[in-house]
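Here the structure comes first, spelled out in structure tokens, and everything after it is commentary.
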Amino acid sequence: MKKILVPIDFSDNSDYALEVAAQLAKKFNTELVALHMMGLSQAVITKEDSKEVMEAMFYMKLAEKRFNEFLDKPYLDGLKVHTTVQNYKQFHEIDHVAQEFDCDLIVMGSHGSSGLKEVFVGSNTEKVVRNSERPVLVIKNRAKNFNLEKVVFASSFDREIIPVFQKVKKFVNTFGAKLELVYINTPGDGFRSTKEMNNKILQFLLESKAANDFQLSDIISYNAYTVEEGVFDFSHQVQADAIAMPTHGRKGLAHFFSGSISEDLVNHADLPVITFKI
């Protein structure tokens, strides 16, 4: 891991994300890139009127000053922090910044008190998650001693999930964490016998070249009324530190999650979420 990108909007949530990113940077001896997006109107920037130009320059200077004050944190001591203030308004451009600075991970805060609602329901964080080619770690609460020891990855064990599963496995191994694989068995997902499901999982492990890392007995089948409810309950049952999820870019979450996170998981999940684009 070379660099970690942290978008900053001066909120408490971006402070939480920055602190977690700082902990990761110290652990992996890496650098941070702090980004503030202004979102000034293009009309203001391109106008030739001197008054409009001076106004735009004023807001830029004000943002830079506030940005520098925000980054005056004790937990950043000893770290190399690159800063950039840009006038992006489209949040897919954050991935462009990550590419420009050669970042391996984006760490973002999630707003609101309703769990993942602000992550996956029309929020700015959702836009970053959907467009990022890099893993996005979403932080909701302050975590002064952030650590990843156990990560849950719920899978349908379909072939299309193999590439993202390999990404998740590599990411989790970087932390020396344990990956918990679970299949959420729901009433509306179509009945599969134990034999059929076991064969599907075994084929998945073989094709993903993970047969030496996981035995059939390591994969848990967890019964729940919805996939989202099952992911949430299982994650807390095994005391996971985070939940890993696949995304389909602009199409949102993988079809395994029925295109969106249900209200139950949205309102109650308080764990960090790591997303990986398929």
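The values are calculated or read from the model by the stated rules, or taken from the named source; none is laboratory data. Because the structure is predicted, anything quoted here is derived from the model rather than measured. Cβ: placed from backbone, ideal geometry, glycine included. Neighbour counts: every protein chain shown.
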Notebook entry, point to check: Take the residues of region 19-56 that are hydrophobic (A, V, I, L, M, F, W, C), in a helix (DSSP H, G or I) and within 18 Å of Gln86 (Cα to Cα): which is modelled with the highest pLDDT?
Noted result: Met54
Check: List the pairs whose first member sits in region 73-99 and is more than 14 Å from Ile8 (Cα to Cα), whose second member is modelled with pLDDT of 95 or more, and whose Cβ atoms are under 7 Å apart, counting only residues at least 6 apart or on separate chains?
Finding: Tyr75/Glu19; Tyr75/Ala22; Leu76/Ala22; Leu79/Ala22; Leu79/Ala25; Leu79/Lys26; Leu79/Leu32; Lys80/Glu31
Next item on the list: Report yes if Leu148 is surrounded by 13 or more Cβ atoms within 10 Å (Cβ to Cβ), under 23 Å from Leu105 (Cα atoms), in contact with a helix residue (DSSP H, G or I) (Cβ under 6 Å, 6 or more places away or on another chain) and of a type outside the set (Lys, Arg), otherwise no.
Entry: no
Note to self: If I ask for residues that are surrounded by 13 or more Cβ atoms within 10 Å (Cβ to Cβ) and either touching an Asp or Glu at 6+ places or on another chain (Cβ under 7 Å) or part of a helix (DSSP H, G or I) (or both), which ones from region 191-202 would you list?
What the structure shows: Met197, Asn198, Asn199, Lys200, Ile201, Leu202
Check: Tell me, which residue of region 212-233 that is surrounded by 14 or more Cβ atoms within 10 Å (Cβ to Cβ) and out of contact with any strand residue (DSSP E or B) (no Cβ under 7 Å at 6 or more places or on another chain) is farthest from Phe153 (Cα to Cα)?
Finding: Thr226
Checklist line | All positions within region 1-12 that are more than 16 Å from Ile274 (Cα to Cα) and modelled with pLDDT under 95 | finding: Lys2, Ile8, Asp9, Phe10, Ser11, Asp12
